[in-house]
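Worksheet: the structure to be examined is printed underneath.
Throughout, read-outs are computed from the coordinates displayed, never taken from laboratory work. Note that this is a predicted model, so its numbers are computed, not measured. No Cβ is skipped: glycine too gets one built from the backbone with ideal geometry, and neighbour counts run over all protein chains shown.
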Amino acid sequence: MLFVRSFLFNVAFYANLVLWLIILIPAFLVPRRVFIALVKVWARSSLWLLRVIAGTRVEIRGVGRIPAGGALVAAKHQSFWETFALVTIFDDPTFILKRELMWIPFFGWYLRKARCVPVNRRAGSQALVQMTARAREEAQHGRQIIIFPEGTRRPPGAPAAYKYGVAHLYQNLGFPCIPVALNSGLYWPRRQFIRRPGTIRVEILDPIAPGLKREEFFQSMQDAIEESSGRLLAEGRHELGLGGIPPEPVTSTPNI
């Protein structure tokens, strides 16, 4: 039954994605805020399919901690799930992502319309300068800049591997940082077909005010995300009856 429900969900999810890629074509002509609102409708429809077909619900904790206006959002990254689900939580979100994604037909065009912040990983230190300038511009317009500090999806329970790009952004943006913990990798595992029934839990943690020293911020952010994600992971493992099953092997991916 798990295989059947996972198969049906994946078919429905990607069919829905293709449908929305078509529906959004005329949205190139509307203001960006209207475009973001339409993207949120797609994201919510995907979450609805996940709940109805795969039996995977979502619980968001700490929404009241989100400050108004611009912010840096540092989120745990375990699954493809958070790349669309986090859009539904924040008012006017945008993502920091690798530049190559902007070159994908249709999908990349929509990323440009949403004014996502591309990173040219081959540009070395100059990439940080360009990324920061774009991110600051968006944050000054009241947007929430979502970054995955570990740079790539990592399996639940894998050792933390945070990159210093998030600390560079924090120091140079002058906006609060909102840490986000989650356990999505238990239910939507990376590079796997299976979608497990249960409850994906996301916790919005206390914002970190601007002004901390680089190392102080970096350690504080990492400790907050890891402590909360570990607790959510324990809750999910208990729910799924996974006990002490060790995490899947992980390989390191260099990133800013």
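Using the Cβ-Cβ distance between Arg121 and Val4 with R0 = 45 Å, the FRET efficiency computed as 1/(1 + (r/R0)^6) comes to roughly 0.70. Think of segment 57-240 as a dipole: +1 on every Lys or Arg Cβ, -1 on every Asp or Glu Cβ, centred on the Cα centre; then among Trp109, Ala71, Pro176, Trp109 lies furthest on the positive end. Placing +1 on the Cβ of every Lys and Arg and -1 on the Cβ of every Asp and Glu, with nothing else charged, gives the chain a dipole about its Cα centre of roughly 740 debye. Farthest toward the positive end of the dipole of segment 1-148, out of Ile53, Leu24, Thr83, is the Cα of Thr83, where the dipole comes from beta carbon charges about the Cα centre.
Close amide H contacts of Gly198 (hydrogens built in the peptide plane, cut-off under 5 Å, sequence separation of 5 or more or a different chain): Thr56, Arg57. Using a Gaussian network model of the chain in which every pair of alpha carbons under 10 angstrom is joined by a spring, one finds that among Trp188, Trp42, Trp109 the greatest mean-square fluctuation is at Trp109.
Once R0 is set to 22 Å, what does the formula 1/(1 + (r/R0)^6) return for the Cβ-Cβ distance between Ala15 and Arg191, expressed as a FRET efficiency to the nearest 0.05? Calculated transfer efficiency: 0.55.
Taking the Cα centre of segment 20-146 as origin and assigning +1 to Lys and Arg Cβ atoms and -1 to Asp and Glu Cβ atoms, the resulting dipole is close to 100 debye.
Can you figure out the FRET efficiency of Ala234 with Asn172, using R₀ = 41 Å and their beta-carbon distance, to the nearest 0.05?
After rounding, the FRET efficiency stands at 0.70.
Per residue, the convex hull spanned by the Cα atoms of segment 57-240 measures out at 117 cubic angstrom. Hydrophobic long helices, here whole DSSP H runs in the chain with Kyte-Doolittle means of at least 0.5 and Cα atoms spread over 24 Å or more along the helix axis, are found at 2-23, 32-49. The ranking of Ile22, Ile208, Ile147, Ile66 from fewest to most other beta carbons within 10 Å of each one's beta carbon is Ile22, Ile66, Ile208, Ile147.
Its DSSP H runs of at least 4 residues, each contributing -39,500 (n - 2.57), put the calculated 222 nm mean residue ellipticity of the chain at -13000 deg cm²/dmol, to the nearest 500.
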